Amino acid sequence: MLRRYLAKRLLVAVPSLLIASLIVFALPRLIPGDVVSLMLEEKAYARDLAELRAKLGLDRPLHVQYLEWLGHVVRGDLGESLWTRRPVREELARRLPVTLELGASSVVFAVIIALPIGVLSATRQDTLSDYLARSAAILGLSVPGFWLATLVIVLPAIWWGWRPVAEYVEFGRDPTGHLVQFLLPGLILGVAAGAALMRLQRATLLEVLRQDYVRTAWAKGLRERAVVFKHSLKNAFIPVLSVFGIQIAQIFGGAVIIETIFGLPGLGRFLFEAITQRDYPVIQGVNLVVVAAIVLVNLAVDTLYAVLDPRIRY
């Protein structure tokens, strides 16, 4: 039954990736500006523009370009950068670990923020700690990440003469410094996700705590820790798991700004530079990798659904 469930989810993922590939291919071409004009610094004659456009393959119909690009993608070829002529796959392989480390650190901070505070807020409903937790969650959702990141860089530099390291530190050169440089950006990126998960964790746990089987557990004289963590938290975590998959997509989106602000050479910064240069293959490659990662994360979430609650398989 579980294998059939996973097979159905995989079948749903395939058309999702095809639709995403079409969007990924079309959207970069809606960006104002012409990459050929930028490459020639807008000082060339029309004949030069036409020759370079033909050399790059940009003079053919869009559907022909899309089908050719999709055929290369299926074979694992994401094309070459229009500016550096380097394979996009090599650039992605070099920058993807940075974004994954940033995403992992932000997920850790989000879980650290959401689960304990959400459980505390639900079990201490309408107390001072509950009000403080809900106020902090609203604040975390309201404050933009880029604004918070700017304050973290500017204010300590003004007040104490300290600022985060602007140069990327490789793990082989300084393992401790490599891990430390992800703490601040990971925390800032995980605040909004943690606040959203905390509010949902509180609401779902409150609903579960009012169920009859939980009241029976209380009536049997079980301790609060056993009632909350053994009987209630697992069922309350299922809706949170669903939103967690959505938050992963938001974390990838926020990485574009955070990596640029903190100088991390990840996919987000690479995408930002490619957009400013209208580098279509790079934009398409980065977005396709991010979309595929989000689809895989949601597939993993669906699998955990079936593990936590076997009824979902049916």
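It is to be established whether one or more residues within region 157-168 are touching a residue at least 40 places away in the same chain (Cβ under 8 Å), small (Gly, Ala, Ser) and touching a helix residue (DSSP H, G or I) at 6+ places or on another chain (Cβ under 7 Å).
No, because not a single residue in region 157-168 is touching a residue at least 40 places away in the same chain (Cβ under 8 Å), small (Gly, Ala, Ser) and touching a helix residue (DSSP H, G or I) at 6+ places or on another chain (Cβ under 7 Å).
So which residues in region 246-271 are buried (at least 18 other Cβ atoms within 10 Å of the Cβ), among the small types (Gly, Ala, Ser) and within 12 Å of the chain's Cα centre (by Cα), if there are any at all?
GLY254, ALA255, GLY268 - these are the residues of region 246-271 that are buried (at least 18 other Cβ atoms within 10 Å of the Cβ), among the small types (Gly, Ala, Ser) and within 12 Å of the chain's Cα centre (by Cα).
Can you find a residue that is surrounded by 13 or more Cβ atoms within 10 Å (Cβ to Cβ), of a type in the set (Asp, Glu) and in contact (Cβ under 8 Å) with a residue 12 or more places away in the chain anywhere in region 222-231?
Checking region 222-231: not a single residue is surrounded by 13 or more Cβ atoms within 10 Å (Cβ to Cβ), of a type in the set (Asp, Glu) and in contact (Cβ under 8 Å) with a residue 12 or more places away in the chain.
List pairs: first residue in region 280-304 and under 27 Å from ARG29 (Cα atoms) and in the same structural domain as LEU11 (by TED's automatic domain parsing), second residue outside any helix (DSSP H, G or I) and of a type outside the set (Asp, Glu) anywhere in the structure, Cβ distance under 7 angstrom, at least six positions apart or on different chains.
From region 280-304, the pairs are TYR280/LEU82; PRO281/LEU78; PRO281/GLY79; PRO281/SER81; PRO281/LEU82; VAL282/SER81; GLY285/LEU78; GLY285/GLY79.
Within region 131-141, is there a residue that is surrounded by 13 or more Cβ atoms within 10 Å (Cβ to Cβ), in contact (Cβ under 8 Å) with a residue 60 or more places away in the chain, in contact with a Ser or Thr (Cβ under 6 Å, 6 or more places away or on another chain) and on the phi < 0 side of the Ramachandran plot?
Within region 131-141, one or more residues are surrounded by 13 or more Cβ atoms within 10 Å (Cβ to Cβ), in contact (Cβ under 8 Å) with a residue 60 or more places away in the chain, in contact with a Ser or Thr (Cβ under 6 Å, 6 or more places away or on another chain) and on the phi < 0 side of the Ramachandran plot.
Does region 204-213 hold any residues that are free of Cβ contacts under 8 Å to residues at least 40 places away in the same chain and among the aliphatic types (A, V, I, L, M), and which are they?
Applying the first criterion (free of Cβ contacts under 8 Å to residues at least 40 places away in the same chain) to region 204-213 yields 204, 207-208, 210-213.
The answer is VAL208, and nothing else.
Take ILE246 and tell me if it is free of Cβ contacts under 8 Å to residues at least 12 places away in the same chain, under 30 Å from LEU92 (Cα atoms) and part of a helix (DSSP H, G or I).
On the way: free of Cβ contacts under 8 Å to residues at least 12 places away in the same chain: yes; under 30 Å from LEU92 (Cα atoms): yes; part of a helix (DSSP H, G or I): yes.
Here the answer is yes, as ILE246 does meet what is asked.
Is it fair to say GLU68 is outside the structural domain of MET198 (by TED's automatic domain parsing), over 30 Å from LEU179 (Cα atoms) and free of Cβ contacts under 8 Å to residues at least 24 places away in the same chain? Show your work before the answer.
Working: outside the structural domain of MET198 (by TED's automatic domain parsing): yes; over 30 Å from LEU179 (Cα atoms): yes; free of Cβ contacts under 8 Å to residues at least 24 places away in the same chain: yes.
Criteria met by GLU68.
Identify the residue in region 219-245 that is of a type in the set (S, T, N, Q) and farther than 17 Å from ALA300 by Cβ and, among all such residues, is nearest to the chain's Cα centre (by Cα). Spell out the reasoning first.
The first filter runs over region 219-245 and keeps only residues of a type in the set (S, T, N, Q), leaving 232, 235, 242.
With farther than 17 Å from ALA300 by Cβ added as a condition, the list becomes 232, 235.
Working: SER232: 29, ASN235: 25 Å.
Applying the filter and picking the extreme gives ASN235.
One residue is enough: does region 169-186 have a residue meeting the conditions farther than 24 Å from GLY266 by Cβ and either modelled with pLDDT of 85 or more or surrounded by 18 or more Cβ atoms within 10 Å (Cβ to Cβ) (or both)?
Let us first name the residues in region 169-186 that are farther than 24 Å from GLY266 by Cβ, namely none.
Scanning region 169-186, I find no residue that is farther than 24 Å from GLY266 by Cβ and either modelled with pLDDT of 85 or more or surrounded by 18 or more Cβ atoms within 10 Å (Cβ to Cβ) (or both), so the answer is no.
Would you mind finding the one in VAL243, VAL307 that is farther than 20 Å from LEU78 by Cβ and in contact with a Leu (Cβ under 6 Å, 6 or more places away or on another chain)? Working first, answer last.
Working: VAL307 fails: in contact with a Leu (Cβ under 6 Å, 6 or more places away or on another chain).
Residue meeting the stated conditions: VAL243.
When you go through THR176, THR216 one by one, which is the residue that is free of Cβ contacts under 8 Å to residues at least 40 places away in the same chain, in a helix (DSSP H, G or I) and more than 20 Å from SER106 (Cβ to Cβ)?
Values: THR176 fails: more than 20 Å from SER106 (Cβ to Cβ).
The unique qualifying residue is THR216.
The values are calculated or read from the model by the stated rules, or taken from the named source; none is laboratory data. These numbers were taken from a predicted model, which means no experiment stands behind them. FYI the Cβ positions are ideal-geometry reconstructions off the backbone, even for glycines, and counts take in every protein chain you see.
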